[in-house]
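Beneath this line is the structure, given in structure tokens, with notes to follow.
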Number of protein chains: 2
Amino acid sequence: MNAMKGTQSIAFSESPYLVSAGSVAGKKEGEGPLGKYFDIASEDDLFGEKTWELAEGTMQKLACKLALKNAGVQPEEVRYLFGGDLLRQGIATSMGAEELQIPVFGLFGACSTSGEALALAAMTVAAGYGDLVLAATSSHFGSAEKEFRFPLGYANQRPLSSTWTVTGSGAFLVGKKKSRVRISGVTIGKIVDYGLKDSQNMGACMAPAACDTILQNLMDFGRGEKDYDRIITGDLGYVGQSILFDLLRKKGLDIKENHMDCGMTIFDQQTQHTNSGGSGCGCAAITLAAYIMPQLISGEWKRILFVPTGALMSTVSFNEGESVPGIAHGIVLEHC
Amino acid sequence: MNAMKGTQSIAFSESPYLVSAGSVAGKKEGEGPLGKYFDIASEDDLFGEKTWELAEGTMQKLACKLALKNAGVQPEEVRYLFGGDLLRQGIATSMGAEELQIPVFGLFGACSTSGEALALAAMTVAAGYGDLVLAATSSHFGSAEKEFRFPLGYANQRPLSSTWTVTGSGAFLVGKKKSRVRISGVTIGKIVDYGLKDSQNMGACMAPAACDTILQNLMDFGRGEKDYDRIITGDLGYVGQSILFDLLRKKGLDIKENHMDCGMTIFDQQTQHTNSGGSGCGCAAITLAAYIMPQLISGEWKRILFVPTGALMSTVSFNEGESVPGIAHGIVLEHC
């Protein structure tokens with residue numbers, strides 16, 4: 001039997017596998033430190049489409065098709081798709097998922113959505129509701145800047161605490177089909193609100209949620225921080241990382257040696273001018289697909305905690321003066 | 001064991017129960033035909049808040065608290081919350097769920113979200129991932145008009161095919177705790193796109209998806225339309241209903257006698273000037289909570305198919321000339 005662990009976690013008795021992944025990235029991401037690992041790094045951020053939204057939908061569709069191809073699976077063999085993005089009314093996912101004709105659950109968890117999708121996909125497979133399930137998320141610099149910030153042509157200055165939305169989509173096939181990586185458990189996050197209101201400092205808004213979920217995961221599974229080869233947050237960036245370290249230190253925990261942040265890994269801060277780091281649902285997703293998964297497959301890392309982090313806000317909420325709470329979901333991935 | 005049925009459905013071996021519900025409605029809804037059934041019908045559509053978004057969040061929080069109270073359950077006994085709304089980045093759900101401090105899965109399925117939330121809540125309980133899980137959705141006329149249409153003060157004319165967004169939130173406690181209503185199965189919908197582009201005729205955009213999910217449900221469970229006392233769509237309205245009847249007739253199916261649409265039931269079209277009917281994630285949710293559930297509890301209806309319908313669009317997508325595809329999820333509810 002699958003077991004509830006502690007107050008927020010689930011341990012799977014027969015762990016679903018991360019069967020395969022597909023990663024699609026934009027031009028800047030292709031020029032970054034992880035460039036050579038992506039399945040596709042496009043020279044054209046419009047992906048042949050006429051709008052940023054269609055481009056993001058196309059990325060998500062491509063990522064799903066790559067995940068299927070990498071596992072030799074046809075779309076009709078996939079029972080459900082869990083998908084999401086950052087845009088209003090999850091339009092990139094709708095546009096991307098439509099052609100695949102797989103029954104779809106639309107999700108929104110800001111940049112934590114890749115964790116939410118993987119958790120639900122694993123829960124679905126482990127419960128016997130489907131043998132193969134897709135989890136797909138995306139973000140796009142063009143569509144996100146338009147959604148949340150300024151017209152690109154306005155060329156506004158970006159504070160040092162700001163992050164750069166990753167153009168990318170990662171899709172994962174989760175299933176009973178054996179692979180070298182299994183999802184052994186999940187920890188579902190609560191909304192954590194420290195009252196911060198700076199939408200240009202999302203790392204600070206999300207760090208408390210990351211701290212909460214990491215602590216909860218360790219408590220629920222009875223583990224110490226050293227039981228993970230890496231604890232990998234989504235997109236805290238340089239600013240969020242230092243806050244996370246401070247918060248954890250107050251709880252007597254030091255994860256400096258085994259912490260990694262996808263937002264800090266995906267770009268070269270110095271040469272790519274990405275300030276605090278990369279962000280977006282695509283950031284953690286393509287870093288997992290292209291860089292983290294291979295290390296789990298090879299056994300370089302035996303067990304990691306993957307913690308995508310999200311800042312829960314809309315332009316309406318922050319223009320109305322509301323705070324930006326955070327949420328983070330934890331996924332335990334193991335070499336097998 | 002829970003069983004996959006056909007290509008899109010799940011039959012639960014130990015069906016989770018719809019333990020309790022909470023319904024919160026606005027002023028116009030309180031004056032409509034279902035007014036007397038809601039737990040709360042507020043005279044103040046702002047619910048004491050200063051913005052429509054906060055009002056909607058407050059409604060969702062109130063609905064959750066009512067569902068808990070109606071079952072004598074404390075928030076800390078609830079393992080997970082599945083929630084969503086129509087607003088960009090699901091902000092009403094974030095605002096509403098924050099205070100409850102229940103681990104949360106954010107969803108987006110437009111007006112089908114109440115079906116998506118109930119399906120995932122039932123799947124979670126039936127799999128043993130939680131004994132009590134909440135499913136909550138909301139919509140608000142004020143926040144939705146601002147999000148999708150015109151400033152309220154502009155007083156634009158509404159075409160006859162348009163619908164009126166319901167101000168309301170319905171929350172459901174799904175769990176192992178016995179009640180008189182069980183969720184025996186679910187059918188997860190695909191995105192169905194007939195290429196329609198009229199965001200003021202959402203009934204027409206969603207009817208093909210409703211047709212698809214109803215047919216799939218009957219096929220997956222080997223049932224005829226008469227095996228349901230009612231087949232209840234979310235918010236097709238008068239226009240969408242007649243299209244659904246036409247589409248089903250072409251497939252040799254006549255559901256005229258046992259069809260009900262929440263959007264047609266919640267308002268009095270003649271006196272309340274709601275044109276095609278009510279809509280929004282709150283529409284199907286509060287109709288289920290306040291009107292449908294009691295008929296299932298009493299045994300007046302033995303088995304129904306609840307099919308909330310969603311139109312997948314954003315202001316960006318329709319301003320860019322994209323079509324408005326639909327999605328619908330089916331929930332089988334039985335008296336027990």
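A short reminder: the numbers here are calculations on the coordinates, not readings from a lab. Because the structure is a prediction, the values reported are computed rather than measured. Heads up, the Cβs are rebuilt from the backbone with ideal geometry, glycines too, and the neighbour counts pull from every protein chain shown.
Within chain B, the whole DSSP H helices whose Cα atoms reach 24 Å or more along their own axis and whose mean Kyte-Doolittle score is at least 0.0 are B:202-221. Give the shape of the range B:130-187 as rounded, prolate or oblate, defined through the alpha-carbon gyration tensor: a ≥ b ≥ c are the square roots of its eigenvalues, a/c under 1.5 means rounded, and otherwise the shape is prolate if a/b is larger than b/c and oblate if not. Taking the square roots of the gyration eigenvalues as a ≥ b ≥ c, the range B:130-187 is prolate. Suppose we take every Cα in the range B:16-175 and form the convex hull; what volume per residue is that in Å³? Given the Cα convex hull of the range B:16-175, per-residue volume reads 113 Å³. Compared with the direct C-alpha span, the chain from B:Glu99 to B:Met4 gains 30.6 nm at full extension, assuming 0.36 nm per residue. Each other copy holds its own label point for A:Leu215; taking that point as 7 Å from Cα along Cα to Cβ, the gaps run 5.4 nm, nearest first.
About its Cα centre, what dipole magnitude does the protein assembly as shown give when the only charges are +1 on Lys and Arg Cβ and -1 on Asp and Glu Cβ, stated in debye to the nearest 20? If you can, show how the numbers build up before the last one.
Values: 58 positive and 72 negative charges, 270 e Å.
Around 1300 debye, computed over the protein assembly as shown.
Plainly put, the range B:135-266 has a radius of gyration that is 1.00 times its Kirkwood radius, both from alpha-carbon atoms, as the Rg/Rh ratio. Label separation (B:Lys36 vs B:Thr271): 1.3 nm, computed from points 7 Å beyond Cα along the C-beta direction.
Inter-copy label distances at B:Arg180, using a point 7 Å along Cα-to-Cβ, come to 5.8 nm with the shortest given first. Taking Cα centre as origin and charging only the Cβ of basic (Lys, Arg, +1) and acidic (Asp, Glu, -1) residues, the dipole magnitude of chain A rounds to 700 debye.
Within the shell defined by Cβ-Cβ distances under 11 Å, the residues around A:Leu100 carry a net charge of 0, with Lys and Arg each +1 and Asp and Glu each -1.
Summing +1 for each Lys or Arg and -1 for each Asp or Glu among the other residues whose beta-carbon sits under 10 angstrom from that of A:Ile10 gives +1.
Using the alpha carbons of the protein assembly as shown, what is the convex hull volume per residue in cubic angstrom, as a whole number?
Working: hull volume 91.4 nm³, N = 672.
For the protein assembly as shown, the hull spanned by Cα atoms encloses 136 Å³ per residue.
Per residue, chain B reaches -10000 deg cm²/dmol at 222 nm when only DSSP H runs of four or more residues are counted, each adding -39500 (n - 2.57). Sorted from shortest to longest, the distances between the A:Asn319 label points of this copy and the other copies are 1.0 nm, with each point 7 Å from Cα along the line through the beta carbon.
Summarising the label geometry, the points placed 7 Å from Cα in the beta-carbon direction at B:Gln157 and B:Arg223 lie 4.4 nm from one another.
Once you have the Kirkwood Rh of the range A:181-335 from its Cα pairs, apply Stokes-Einstein at 4 °C and 1.567 mPa s and quote D in µm²/s.
The diffusion coefficient I find is 83 µm²/s.
Percent antiparallel among DSSP beta bridges with both residues in the range B:16-175, to the nearest 5? Could you put the intermediate results ahead of the total?
Working: 16 of 28 bridges.
Taking every DSSP beta bridge within the range B:16-175, about 55 percent pair in antiparallel fashion.
Counting Lys +1, Arg +1, Asp -1, Glu -1, what net charge surrounds B:Lys251 among other residues with beta carbon under 12 Å of its beta carbon? Mind dumping the intermediate values first?
On the way: positive: B:Arg249, B:Lys250; negative: B:Asp212, B:Glu225, B:Asp246, B:Asp254.
With Lys, Arg at +1 and Asp, Glu at -1, the net is -2.
Taking the fewest neighbouring Cβ atoms within 10 Å as the starting point, the ordered list for A:Ser276, B:Ser20, A:Ser94 is B:Ser20, A:Ser276, A:Ser94.
Structure remark: mean-square fluctuation, Gaussian network model of chain A, C-alpha springs under 10 Å; the largest value among A:Pro294, A:Pro308, A:Pro16 belongs to A:Pro294.
Considering only B:His140, B:Pro103, B:Gly128, and ranking their Cα positions along the charge dipole of the range B:97-149 that arises from unit charges at the beta-carbon of Lys, Arg, Asp and Glu, the one farthest toward the positive end is B:His140. About its Cα centre, the range B:183-335 has a charge dipole of approximately 260 debye under the convention of +1 per Lys or Arg Cβ and -1 per Asp or Glu Cβ, with nothing else charged.
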